[in-house]
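To start, the structure itself, in structure tokens.
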Amino acid sequence: MNKKILFFFLFSLNFYSQSKYEYFGALKLNGDDKTIISYRLVFIEDKGKIEGYSLTDLGGNHETKNKISGTYNEKTKNLKFKEEDVLYTKSPLSDDVFCFVNFSGKVKLTDEKNKIDGDFKGFFKNKTKCIDGTLTLIGSKKIYKLLNKINSKIQKSKKVDNVTKVKFNPIHILDSLKVNNLGKDQNLSVFVKSDKIQLEIWDSKIEDGDKIDLFQNGKKIIDNYTVLNKKLGINVKLDSEKNIFRIEAISEGEIKPNTAMIQLIDDDKTYELSTNLKKGEKTSITIIRK
């Protein structure tokens, strides 16, 4: 057999042995019936090993992305995963005071009706106990199937105008939760290990003349830039352990508001976010070297 064909065959077997899963749902903290926190879980299961990330408080002021790892036993259907590191957060709190979710329970990992439901244990970064609770998560395929039915009824309705149909499309609303949107005076803290990062800036929708300034620790590094569909890539050296990148909207273009996509690349980790600003407003990203 040709070596290239053999390599491709073996690579394909390894690739398709991996299974990707996505869940949406909520966490409920013990002792507080009113505290329900939105939660998204995304991971790849490969030969019993789990790797991925979780998102808490989706779209909220304390949205936080955590790295997760764990195991899955196909015979016993036991799934274990734990949050072990903060990748980014909008919360002003230090990553040392975050309570990490540790879950173990029986789960049938299937494509259509997968669900994760049960108790979790909470631990701080130093392994000491914090608050426990319960989580209820539903597989994204099941959710999208339901939302497609709802959206179909909305789109066929003659009682709903076209603007409202677009604005309140349930699928678009759910998809928007997958992108970290930074609004006026918000700050996103990102934790990295490198002393150099790569920034990519582009307009993922229609080029409409959005313009931005970008500052690093008060020094302007991009001036009056018109955001295009083509990505602008820049390599940035981090000046210190804490670097503040401030984005200011110079104009909103033809379609309001200013919505520039920004991707931050740190070795093998990628962070993607979108600005949501009016003219003159600003938002920031604080990059912290560990």
Considering only the other residues whose Cβ falls under 15 Å of the Cβ of residue 278, what net charge follows from Lys and Arg at +1 and Asp and Glu at -1? -3
In Å and whole numbers, how far do the C-alpha atoms of the chain stretch along each principal axis, longest first? 63, 58, 57
Pairwise label distance in nanometres, residue 241 with residue 184, each label 7 Å out on the Cα-Cβ vector: 3.4 nm
How many nm separate the modelled label positions at residue 225 and residue 289, each set 7 Å beyond the Cα in the direction of the Cβ? 2.1 nm
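For every helix of n ≥ 4 consecutive DSSP H residues, a contribution of -39,500 (n - 2.57) applies; sum these over the chain, divide by its total residues, and give [θ] at 222 nm rounded to the nearest 500 deg cm²/dmol. The partial results should precede the final answer.
Numbers: 4 runs with 44 residues, N = 290.
My calculation for the chain gives -4500 deg cm²/dmol from helical runs alone.
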By accessible area with a 1.4 Å probe, ligands and nucleic acids excluded, highest first: order of 134, 275: 134, 275
Using 0.36 nm times the number of residues separating residue 19 and residue 75, minus their current alpha carbon distance, what extension gain do you get? 18.5 nm
Rank 130, 99 by accessible area, highest first, at a 1.4 Å probe radius? 99, 130
Could you report the chain's accessible area per residue, 1.4 Å probe, as an integer in Å²? 59 Å²
Ignoring ligands and nucleic acids, what accessible area does residue 98 show with a 1.4 Å probe (Å², nearest 10)? 30 Å²
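In the structure shown, do any of 47/184; 149/184; 28/149 have a Cα-Cα gap over 32 Å, and if so which?
Values: 47/184 44 Å; 149/184 35 Å; 28/149 28 Å.
Flagged as over cut-off: 47/184; 149/184.
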Hey, what did the chain get for relative contact order, percent, Cα under 8 Å, at least 6 apart? 13 percent
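What is the local net charge at residue 56, summed over the other residues whose Cβ is closer than 11 Å to its Cβ (Lys, Arg +1; Asp, Glu -1)? Walk me through the numbers before you get to the answer.
Details: positive: 40, 65, 90; negative: 57, 63, 83.
Neighbourhood net charge equals 0.
On the accessible surface of the chain, probed at 1.4 Å, how many percent belong to carbon and sulfur atoms? Provide the component values of the computation, followed by the final result.
Details: 9230 of 17140 Å².
So the carbon and sulfur contribution to the accessible surface is 54 percent.
Of the listed peptides 79-92, 59-72, 193-206, 226-239, what is their order by residue-averaged count of other C-beta atoms within 10 Å, with the highest listed first?
On the way: 79-92: 19.5, 59-72: 17.5, 193-206: 15.5, 226-239: 13.9.
Averaged packing, sorted descending, gives the order 79-92, 59-72, 193-206, 226-239.
Relative contact order for region 129-253: what is it in percent, counting Cα pairs under 8 Å that are at least 6 residues apart? List each step's numbers first, then the result.
Working: 127 pairs, mean separation 27.3, N = 125.
With pairs under 8 Å counted, the relative contact order is 22 percent.
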If each residue of separation counts as 0.36 nm, what is the full-extension length gain between residue 279 and residue 136 once their alpha-carbon separation is subtracted? 47.5 nm
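The values are calculated or read from the model by the stated rules, or taken from the named source; none is laboratory data. Because the structure is predicted, anything quoted here is derived from the model rather than measured. For neighbour counting, all protein chains shown are included, and Cβ atoms are generated from backbone atoms with ideal geometry for every residue, glycine included. Quick note on the areas: whole protein, heavy atoms, side chains included, nothing else; ligands and nucleic acids left out. Shrake-Rupley method; radii C 1.70, N 1.55, O 1.52, S 1.80 Å.
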